[in-house]
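The values are calculated or read from the model by the stated rules, or taken from the named source; none is laboratory data. Note that the structure is a prediction, hence the values are computed from the model and not measured. So basically every Cβ, Gly included, is an ideal-geometry build from the backbone, and we count neighbours across all protein chains shown.
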Amino acid sequence: MGMKAEQWRQIILSFESKKTYDNPFLDVSIWSIFTGPSGRRIRREAYWDGGNTYRIAFAPTETGMWSYRLEAPEETGLSGVQGTIECIPYEGDLAIYRHGFLKVHPSGRYLTYADGTPFFWLGDTHWAFAFGERWDESNHPQMTSMFRGMADRRKEQGYNVYQTNLRSDSWKEHKSRYWKTDATDDVPDVAFYQNELDRRMQYLADLGFINALGFAWSGSIEQGVEHQKHLARYIIARGVFQFLFEGQQLQFCRIVCGRNGRLWNTADRTLYE
């Protein structure tokens with residue numbers, strides 16, 4: 001039986017691989033091709049979520065029946081797996097789901113929603129959103145959660161952008177939050193994503209925020225370009241939220257950070273490949 005999803009809203013598909021890999025993140029590549037009622041095709045990569053579980057995040061962009069087909073090594077038992085998703089209209093009142101994903105206007109001068117409605121950017125910075133802002137406690141007497149309380153307050157004030165940063169800088173000893181420290185190569189620490197980051201991403205999405213997401217500070221790129229490419233690949237696969245990766249911040253870094261800026265430029269391309 002097929003699944004249902006609202007237009008522009010994320011749905012997660014789960015699959016089990018028959019093969020176990022030494023590095024379940026880097027040693028296998030699993031993708032799905034989604035085909036919409038108009039013939040539009042969207043390609044999404046699966047992300048490893050512990051054990052032999054791989055999930056695919058997808059948000060249908062048009063109403064009607066979608067089909068999907070997996071591309072995977074034969075040894076996984078997932079090659080050629082097919083299914084359908086019925087996309088129904090979004091019935092809520094959040095602008096990002098009523099009007100669709102953001103895009104650049106043909107003039108190149110401003111952003112609009114998918115249906116052409118102009119988008120006015122109103123946001124401020126929350127650099128500690130990924131783990132610094134506490135989920136279940138707060139030092140504010142009117143908030144039971146530092147993270148949720150602040151997000152709720154900004155929603156009430158009419159903000160539509162949450163400018164964030166993963167703070168993934170390994171030189172600031174945050175690497176262990178995103179990657180397993182006992183692995184030779186990059187292996188995601190799925191417990192951190194499942195227990196902490198996912199719920200924060202989802203909470204912002206459910207409030208209707210655009211997440212203007214940064215990955216780290218400039219100096220962290222010296223720890224390795226491939227490392228940041230891997231993080232970008234995993235974050236993108238793990239969720240189809242309304243992201244705006246902070247390209248303007250990266251452009252500033254390219255100008256003032258010299259070599260670091262050029263290295264970030266290389267990692268930045270992963271976001272668009």
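Side notes on the structure shown:
- Residues that are exposed (fewer than 12 other Cβ atoms within 10 Å of the Cβ) and either touching a strand residue (DSSP E or B) at 6+ places or on another chain (Cβ under 7 Å) or of a type in the set (S, T, N, Q) (or both) occur in region 42-63; there is at least one.
- Candidates are the residues of region 1-36 that are closer than 10 Å to P60 by Cβ and among the aromatic types (F, W, Y); the one that is farthest from the chain's Cα centre (by Cα) is F34.
- Residue in region 141-161 that is of a type in the set (S, T, N, Q), under 20 Å from the mean Cα position of the chain (by Cα) and not in a loop (DSSP other than H, G, I, E, B) present: no
- Within region 162-174, being assigned to a loop (DSSP other than H, G, I, E, B) and either at pLDDT 90 or above or over 17 Å from T125 (Cβ atoms) (or both) holds for E173, H174.
To keep it simple, each residue is scored yes or no on (1) at pLDDT 55 or above; (2) buried (at least 19 other Cβ atoms within 10 Å of the Cβ); (3) of a type in the set (G, A, S).
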site: Y178; (1), (2), (3): yes, yes, no
site: A183; (1), (2), (3): yes, no, yes
site: P188; (1), (2), (3): yes, yes, no
site: D206; (1), (2), (3): yes, no, no
site: W217; (1), (2), (3): yes, no, no
site: A267; (1), (2), (3): no, yes, yes
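- Top-ranked residue in region 96-140 [being closer than 29 Å to K4 by Cβ and loosely packed, with under 15 Cβ neighbours inside 10 Å; ranked as nearest to the chain's Cα centre (by Cα)]: K103
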